[in-house]
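Undergrad: Below is one structure. I have some questions about it.
The values are calculated or read from the model by the stated rules, or taken from the named source; none is laboratory data. Quick caveat: nothing in here was measured; it's all calculated off a predicted structure. Quick reminder, even Gly has a Cβ in these numbers, built from the backbone with ideal geometry, and neighbours come from all protein chains shown. The accessibility values were calculated without ligands, DNA or RNA, using every heavy atom of the protein model including side chains. Shrake-Rupley method; radii C 1.70, N 1.55, O 1.52, S 1.80 Å.
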Amino acid sequence: QTAGRALRNNDIHEMRALVREDDKIDYLETSCIEYLSKIRQKPLSSEESLTHQQLMVSAVALEHLADIIETDLVELGITAIQINHRRSEETKRLTTALFLCVEDCIQLLGNVLSEKDRGAAEKILHYEGKIESLQQELMTRKSSRLGSAEEAALRTARIEVAMSDKLVWMYSLIKRITEENVETAAAP
């Protein structure tokens with residue numbers, strides 16, 4: 001939410017604040033993995049082993065999500081803000097829609113992890129087609145823009161392509177966590 005707000009408001013300071021937040025997440029992930037390591041040294045039932053695996057995969061993937069935000073989205077966002085190139089309304093619509101889809105999935109993931117909410121898990125999986133479609137529309141749009149001779153337009157197009165790739169990668173991590181934690185019907 002902070003990254004999206006910072007991008008929409010062209011706020012570099014808010015973007016940089018995300019870097020400090022990642023330090024907290026790194027600490028929590030390290031603590032979780034250390035704790036899980038201690039648990040694994042004791043005999044576990046098959047159900048406990050499965051729960052242990054779900055927790056381990058989730059902790060690592062959540063930390064990776066935070067790293068993508070902290071490193072990639074912040075860097076790309078700051079660069080985009082500094083370029084100060086006016087984007088078209090259609091590009092804004094597509095990138096905002098893609099960003100909001102991933103943001104919704106992150107919100108739903110909280111219910112998947114805390115409550116094993118199957119409905120939330122299925123909603124996450126149903127986002128896959130929409131996310132792929134938005135990225136494809138954006139890529140089609142950006143590929144047509146690569147013929148521009150304007151340097152700012154080219155740099156902005158590269159940033160938008162890279163950002164969409166990072167958002168799709170974030171969705172794939174969210175999907176993996178979801179599938180690890182809740183048995184769901186396959187997405188269409």
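Undergrad: Report the accessible area of Tyr127, computed with a 1.4 Å probe over the heavy atoms of all protein chains in place, in Å² rounded to the nearest 10.
TA: Rounded to the nearest 10, that gives 50 Å².
Undergrad: For segment 18-128, count all C-alpha to C-alpha pairs, find those more than 17 Å apart, and express that count as a whole percent of the total.
TA: For segment 18-128, the fraction of Cα-Cα distances above 17 Å is 67 percent.
Undergrad: Could you list which residues have their amide H under 5 Å from that of Asp117, counting only those 5 or more apart in sequence or on another chain, with H placed in the peptide plane?
TA: Val112
Undergrad: OK, next. For segment 103-147, what's the radius of gyration and Dmax over Cα atoms, in angstrom?
TA: 14.9, 49
Undergrad: Right, something else. Working from the alpha-carbon coordinates of segment 44-83, get Rg over Rh, Rh being the Kirkwood radius.
TA: Checking Rg against Rh, the ratio lands at 1.39.
Undergrad: Classify segment 26-70 as rounded, prolate or oblate, taking a ≥ b ≥ c as the square roots of the eigenvalues of its Cα gyration tensor: rounded when a/c is under 1.5, otherwise prolate if a/b is larger than b/c and oblate if not.
TA: Oblate is the answer for segment 26-70, as a/c is 1.5 or above yet b/c matches or exceeds a/b.
Undergrad: What FRET efficiency would be calculated for the residue pair Leu154, Val57, taking the C-beta separation as r and a Förster radius of 35 Å, to the nearest 0.05?
TA: 0.35
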